[in-house]
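One structure is given here, and the rest of the page talks about it.
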Amino acid sequence: MGSTIISQRLHVGLQQLTALAAVTHSFLGPNKNHKFIQDESTGESSLVCTCFRVLEHLDLTCSVGQLANETIQAHQKVFHSGAGCLLFMAGVWSRAALECLHRGISIPHIVSAMSEGLDICCEVCRSISVSIEDVRPVASDSGTPVLQGSPHTVLRNPVTGMNSSHGALNNKKQSRIKLTHSRHFCANDKADENTTPGLFSHAVSSKGVDIPHLAEAVSHGCVAAMSLVVEVSKIQSKNNGSGDSCRTFDVNKLVTCTLPGLSEDHSCVLPGCVILLSAEQASLVHHMKEQKWQVVLINGDLSEKYRHLGFNNKNDISQVTDKLDLKGLSKEDDWEDNVLTTLLKNNVNLVLVNGEASERLTQHCMSHRILVVERVKPDILKDFAETTGAVPVTYATQLSKHCVGTRVEISIWRDCSGNRRRASMAVNIVADRTALVTVVLTTSVHSKLQTLEDCFWGCAYRLHHTLKDRKLLPGAGKTELLCVQTLQKHIKDNGEQTPQAKQGRAGNPHRADVFQLMADGWMDYISTLMLNSGTCSKVDAWTTINQQLKDFNGGLSLDANFSRLLLRDDTEDGMMSPNMKRSAGKVYDNMTVKFEAWRKALDLVFLVLQTDTEIITGIDPKQVEGQSNVMVL
């Protein structure tokens with residue numbers, strides 16, 4: 001009729017969530033692009049390569065950004081993995097919800113269909129999960145487990161060696177192109193004979209679980225970091241009396257120590273904990289080498305003014321005494337004398353403090369050959385309490401002979417004075433029968449320390465969740481493709497004239513449309529991984545994925561042909577950093593982590609969608625004044 005209808009019900013929150021998720025697309029997959037985030041007020045910058053670090057450093061002024069950040073940080077705190085997947089899926093499903101609204105689909109139908117779609121996919125994924133007892137190494141022709149490196153992700157024809165997937169797809173005589181993308185797509189074929197043996201030794205646990213191979217299967221390209229995790233398992237197993245075999249892995253008995261200035265080759269694993277001390281403190285350690293130390297543990301600050309959390313100080317009370325202070329000692333001096341006397345009386349020569357320590361008391365203790373170490377991590381104090389018999393106290397005045405732990409050894413590990421650090425000496429503190437292990441992470445680039453530490457903890461927790469779940473999902477993009485294929489099958493069944501299909505259409509007539517938009521989100525996820533490889537465009541990636549789906553929908557069972565989705569890792573070696581080599585075996589993902597990421601992503605979308613319906617925003621009414629052919633709803 002020549003009229004224009006403008007709705008003020010613009011869902012700005014969904015648009016903001018989509019835009020925020022797009023910022024982190026380059027962090028998806030193992031080939032992460034680093035970004036510098038600069039603080040305009042201070043001029044300081046941070047190097048990041050994960051979505052949760054980006055959100056942590058951004059000044060998020062909108063409520064949607066803050067909500068997304070809280071969701072990501074909460075997920076990261078628990079799982080230490082999958083945050084990128086969570087934010088990406090929240091972005092693509094926000095876009096799907098916007099498209100549903102644009103098509104006139106009601107919000108109850110959107111929520112109902114998207115919830116049903118995710119439930120269907122999770123149920124199918126559970127049915128194809130793999131028990132960790134069934135995860136076996138992929139051996140080379142010589143029978144040795146391998147870990148093969150690969151420089152880039154390439155869509156390559158295995159016969160002609162062409163890198164153009166588009167050209168290969170147009171030639172029916174050429175063999176079928178296979179999806180190729182590092183940890184997300186990998187080959188089931190035997191590794192090349194010339195492949196260098198991997199960093200993971202082959203050791204099967206007493207429970208039939210091969211921890212080194214499981215670590216390789218969930219390393220996701222982070223070989224150097226995961227090899228440290230395997231070394232942690234070896235040391236913990238040895239401390240538990242299991243010999244050199246990897247029979248146990250306890251992520252709760254694991255701490256990290258970052259040490260800039262040294263190259264990454266110096267990263268290592270040590271029993272006990274590693275503490276950085278000053279040269280003066282280290283001289284005391286050197287003087288008392290090969291001796292057993294007596295230790296006490298302080299939960300809090302070692303100072304006279306420290307009060308525990310929740311302590312109520314009565315400001316309106318004055319202290320009056322009838323005794324004359326002839327010594328002229330202050331309250332703090334009296335406290336220091338009492339603490340030092342208590343330590344000397346109980347033969348204590350090591351004090352581990354969770355918080356900060358009084359500088360004056362620390363110096364007095366040094367003169368009496370008592371080492372005070374401040375800012376000790378809670379996990380370290382907990383382990384020393386369990387292994388030495390020490391009883392942690394909040395205040396030093398609570399110390400008695402029953403609180404003292406025994407049989408602690410301290411040795412100088414490395415001189416770090418060349419690193420221009422105030423604490424110039426690294427010492428190794430070990431208690432008898434300890435299960436605590438410290439991973440020392442080193443790099444010559446100070447800004448990379450946080451990235452290396454995040455990468456290590458991601459690997460450690462992937463192995464932890466693997467052993468906890470006892471189940472794994474097929475990786476290499478196979479799980480996401482299964483979800484796409486499952487939703488497409490339901491879309492096809494929904495169009496049939498069966499009683500079940502009619503009932504489904506009656507309950508939600510827009511079910512098929514919503515399912516298709518959800519499937520497009522998973523397609524976008526896989527194609528973005530391929531795009532980040534730098535060897536194909538988004539269009540080529542979608543073309544290749546659609547071709548795979550056509551093969552499965554051509555009357556063949558998806559389960560029977562799952563192996564066809566594995567990566568052909570046949571690219572040239574030598575062009576990639578050894579820290580990012582890729583596994584020649586099968587790749588797996590954590591089931592619980594992936595499901596939680598999907599569900600939290602959808603919950604975030606629903607929350608923003610509901611908020612948008614309650615807080616209505618739109619265009620400025622002044623923009624439509626005087627226009628007779630415009631009707632504002």
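Can you pull out the trypsin sites (Lys or Arg not before Pro) in segment 371-460 whose DSSP state is coil and whose Cβ has at most 16 other Cβ atoms within 10 Å?
Passing sites in segment 371-460 are 375, 420, 421, 422, 433.
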For the table 32/448; 550/594; 77/382, the rows whose alpha-carbon distance is greater than 23 Å are 550/594
Averaged per residue, the 1.4 Å probe accessible area of segment 351-429, protein heavy atoms only, in Å², is roughly 52 Å²
If the label point sits 7 Å along Cα→Cβ of residue 268, residues of segment 285-304 with amide N under 15 Å come out as none
Compute the FRET efficiency between residue 63 and residue 307 as 1/(1 + (r/R0)^6), taking r as their Cβ-Cβ distance and R0 = 25 Å, and round to the nearest 0.05. 0.10
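The values are calculated or read from the model by the stated rules, or taken from the named source; none is laboratory data. Predicted, not measured: the structure shown is a model, and the values here were computed from it. Counting neighbours? That spans all protein chains shown, and the Cβs are built from the backbone with ideal geometry, glycine included. Areas reflect the complete protein model, heavy atoms only, side chains present, ligands, DNA and RNA absent. Shrake-Rupley method; radii C 1.70, N 1.55, O 1.52, S 1.80 Å.
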